[in-house]
1. If PRO42 passes every condition in (1) under 19 Å from CYS104 (Cα atoms); (2) modelled with pLDDT of 90 or more but one, which one does it miss?
2. Could you check the stretch 11-31 and list, in sequence order, the residues that are more than 12 Å from VAL146 (Cα to Cα) and without any contact (Cβ under 8 Å) to a residue 24 or more places away in the chain?
3. Among the residues of the stretch 66-80, is any more than 23 Å from SER130 (Cβ to Cβ) and not in a helix (DSSP H, G or I)?
4. For the stretch 113-135, what are the residues that are modelled with pLDDT under 55 and under 23 Å from ALA25 (Cα atoms)?
5. Determine, yes or no, whether ALA110 is modelled with pLDDT of 95 or more, part of a helix (DSSP H, G or I), within 17 Å of MET27 (Cα to Cα) and touching a strand residue (DSSP E or B) at 6+ places or on another chain (Cβ under 8 Å).
6. Consider PRO58 carefully, then state whether it is at pLDDT below 95, in contact with a Ser or Thr (Cβ under 9 Å, 6 or more places away or on another chain) and not hydroxyl-bearing (Ser, Thr, Tyr).
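The values are calculated or read from the model by the stated rules, or taken from the named source; none is laboratory data. Since the model is a prediction, treat every value here as computed from it, not as a measurement. Cβ atoms come from the backbone with ideal geometry, glycine included; neighbour counts cover every protein chain shown.
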Amino acid sequence: MIELSKIVCPTDFSPTSSRAVDYAAAMADSFGAELVLLHVIPEMTYPLRSFGMASSFPHLKEELHNRAMDAMQERTKEIHDKLPNVQVHLVLRDGDAHDVILDCAKDQKADMIVMGTHGHTGLKHALLGSTAEKVVRMSEVPVLTVRTHD
């Protein structure tokens with residue numbers, strides 16, 4: 001029998017990732033697993049750093065962290081309104097999304113990753129890449145990808 005004790009679910013707060021959170025929460029409830037809700041903030045680079053552009057936004061990173069944590073806490077409240085027994089652990093990290101997701105799953109000793117995929121194809125996929133595709137290819141644990149209908 002399959003046992004899941006910890007599920008990592010990255011979210012970017014999009015409708016697609018929100019749907020993935022719903023799946024992950026339902027699975028966590030069914031298996032009695034802990035849900036690790038993860039948000040990744042991309043590293044900020046400024047092309048004109050030497051001209052002071054970075055110093056124009058000294059608190060930007062802190063503000064992004066605060067807003068992301070607020071959004072994750074609100075999402076946790078929504079989960080608990082429907083599934084009060086689900087234990088949710090919030091993780092906020094900086095970096096490249098696929099690397100951070102894989103590292104988080106490893107650090108948390110996760111049994112599964114549940115994540116949304118936007119389903120880009122063709123040129124859009126080639127230009128944007130696919131975080132979900134990279135995670136699926138490189139993950140040491142099973143990955144469930146969730147798409148929206150639109």
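1. (2)
2. Hit for the stretch 11-31 is SER30, nothing else.
3. no
4. Of all residues in the stretch 113-135, those modelled with pLDDT under 55 come to 123-128.
Passing the criteria: none in range.
5. Numbers: modelled with pLDDT of 95 or more: yes; part of a helix (DSSP H, G or I): no; within 17 Å of MET27 (Cα to Cα): yes; touching a strand residue (DSSP E or B) at 6+ places or on another chain (Cβ under 8 Å): yes.
Judged against the criteria, ALA110 is not a match.
6. No.
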